[in-house]
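For reference, the structure discussed in these notes is given below.
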Number of protein chains: 2
Amino acid sequence: MEPVKSSSVSSDAHPEPKYSETATRILDAAEGLFVELGLEATSLRQITQQAGVNLAAVNYHFRSKDALFEAVFARRFAPWARECLCELDALEANVASGKAALDVEAVVMCYVRPALALSKDPSRGGAVFVRLFSRVLVENHRQLRETLSREWGHLVTRYSAALGRALPRLSSEEVAWRLHLGFSVMFHAFAGNDILKLFGRSAVSARDPDLIVKHMVPFVVAGMSAAANGKPAAG
Amino acid sequence: MEPVKSSSVSSDAHPEPKYSETATRILDAAEGLFVELGLEATSLRQITQQAGVNLAAVNYHFRSKDALFEAVFARRFAPWARECLCELDALEANVASGKAALDVEAVVMCYVRPALALSKDPSRGGAVFVRLFSRVLVENHRQLRETLSREWGHLVTRYSAALGRALPRLSSEEVAWRLHLGFSVMFHAFAGNDILKLFGRSAVSARDPDLIVKHMVPFVVAGMSAAANGKPAAG
DNA sequence: GTACGTTTAAAACGAGTGTTTGAGTTGTGG
DNA sequence: CCACAACTCAAACACTCGTTTTAAACGTAC
C-alpha cells in the first residue's frame, strides 16, 4: 500500500532511491515551485497540476507535503555532497603525493568545481537547486535539520581542516571566520542572491556561472588570505 | 473610517507615519513572526494574539496582510537608508576638504556603521530587521518591488560611485562585481545567515555584531582590493 | 443628555489548504 | 480465469486562512 521510501540523504553506499515516473514528475514540479514561491506558498494542487498527475499521488508516493519537500531536497543534495568530498579527497591525495600545493585557492576550488558543475547541469536541478538551498538556509526549515546537519557538518569539518592547513599562521577561530565569510560569498553568488539588484536590474549579470566564478574566486581567495587583523575594525 | 497611512517608504522630507499604540503593537508582533516563520506561514491570528489586539484591528489600521507586511518593512527601512546616505555624504565632504582619504575601507565603513548601529538598537528592530531584510531578498516578494527599488537603487548608485573612486584602476564592470560580492558578505553576515552552521552549532559565534565587524571588514576590504584577475579562475 | 468619529469586539463568510477515503484502473504472475 | 499487487482518480473531510460584517464601547463637542 505504501511505497514511501526511506528518506535518509545517504546512509552508507549508494541507497539512491529510484522514483517512478509519476513521483519524478512530482519532484520536478515541486522543486521549481518551491524555489519560486516558497514552501508555504506552494500548494499541492499547484504541484500536481503542473506535474500533470492526480492530487492524491503526492500523498501516495510521499507521505506528506513536508516529506515531499525533504525528498525534493535530498534527491539533489546527496550527489552534490559526495562530489564535494571527492574533491577534498583528491586534493589531499595530490598534496600527500606532492603533486599539488595545499593553498587557499585549491581549497576554494574544491567547493567551486562541484557548485559550478551542478549549476550547469539541468538534469541535476541546475541553478534551481542552488537557489532552493539558499532559501532553505535563510528560512530555517525545521524538517531538514536532522537530515542535513550530519552530512553537512562532516563536509564543513573537512573544508575547515583543509583551510586550516592552507592558512597555518591563523588561529583556528580566525580560520572558522574565513571559512564562514568565504562560503557565504560563494554560496549566495551561485544562488544568484543579488543584493544590489533587489528587484531592479543589476550592473552585474550575476546568473552566468562561469562569469560568477571568474570574478568570485579572486575575491574569496583574497579575503580568506587577508593579513590577520591588518587593521582595527571600527577605525 | 479608514486610518490607512500612505505607505511610501519616504517621499520627501520626514513623512514618518505615526502609528497608534495598537498599530505599533501589531507591527512589532508581525515583525518578529514574519522573520521567524516567513510571510506566508504567519497568520493574522498569530499576530493579533501575540500583540494582544483583536483580529479585525489589522485590517482596520492597515488594509490587508500584504499592506501590513509593507508597513513593517518600510518602518525600519527608511531611517536606515537615510543613515547610509548621511554616511556617504559625510565621507565625500571629508574627502573634498582633504580630511579623509577615499579608500576601500572608508566606503565599506559607510555601510558597516549604519548596519552595526541598527543591529545594536532594539528600538529600531535590531538584528531582527536585518534578518527580515535578508528573507525579503531571497524570497523576492513582489509587493516590495516598487517600494524598494527606487530608494535602494539610489543607495547602490552612490556606493558604486564611491567604490569606483576608491578603486580607480578597475573597470566599472569589475567595480560592480566587487560591490556585489562585498555587499553579499556584509549583508548576510549581519543577517546571521551562517551557511556553515545550517541548523547545527557553528564554530563561529556569528551573532555578536562587534565580532562580525571585527572579522568581516578585513575580509571584505581584502576581497574588494584584490588584484584585478590576479589568477585565472578555473586553474 | 444626544450625536459623531474612532477604535475594539465577536462572529461569520467563502475560499483554499493538506489529507483521507474508497472505488476504479492497470499490469503481472499463477 | 482469478488474485494481488501498484497505481490513479474524483470526491469529500476537517480545518485554517484573509477578509468582512455587525454590534458595542470609548472620548469629545455641542
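The values are calculated or read from the model by the stated rules, or taken from the named source; none is laboratory data. A quick note: this is a predicted structure, and the numbers were derived from the prediction, not measured. Cβ: placed from backbone, ideal geometry, glycine included. Neighbour counts: every protein chain shown. Only protein heavy atoms, including side chains, enter the accessible area calculation; ligands, DNA and RNA are left aside. Shrake-Rupley method; radii C 1.70, N 1.55, O 1.52, S 1.80 Å.
Overview of results
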{"quantity": "Tally, over segment B:203-224, of residues that are at pLDDT below 90, open to solvent by 30 Å² or more (accessible area, probe 1.4 Å) and at the interface with another protein chain (Cβ under 7 Å from one of its Cβ atoms)", "calculated": "1"}
{"quantity": "Given (1) more than 13 Å from every other protein chain (Cβ to nearest Cβ); (2) within 16 Å of DNA strand C (Cβ to nearest atom); (3) open to solvent by 60 Å² or more (accessible area, probe 1.4 Å); (4) touching a residue at least 12 places away in the same chain (Cβ under 8 Å), index of the condition A:ASP66 fails", "calculated": "(1)"}
{"quantity": "Any hit, segment A:25-37, residues being open to solvent by 30 Å² or more (accessible area, probe 1.4 Å) and within 13 Å of DNA strand D (Cβ to nearest atom)", "calculated": "yes"}
{"quantity": "Leading residue by the ranking (farthest from DNA strand D (Cβ to nearest atom)) among those in segment A:38-55 that are hydrophobic (A, V, I, L, M, F, W, C) and within 12 Å of chain B (Cβ to nearest Cβ)", "calculated": "A:LEU39"}
{"quantity": "Criterion violated by B:HIS141 - all others in (1) within 16 Å of DNA strand D (Cβ to nearest atom); (2) touching a Phe, Trp or Tyr at 6+ places or on another chain (Cβ under 6 Å) satisfied", "calculated": "(2)"}
{"quantity": "Contacts under 8 angstrom Cβ, first residue in segment A:156-180 being facing chain B (nearest Cβ under 8 Å), partner of a type in the set (S, T, N, Q) and in a helix (DSSP H, G or I), 6 or more apart", "calculated": "A:ALA176/A:SER160; A:LEU179/A:SER160"}
{"quantity": "Leading residue by the ranking (farthest from the other protein chains (Cβ to nearest Cβ)) among those in segment B:70-94 that are modelled with pLDDT of 95 or more and either open to solvent by less than 30 Å² (accessible area, probe 1.4 Å) or within 16 Å of DNA strand D (Cβ to nearest atom) (or both)", "calculated": "B:LEU88"}
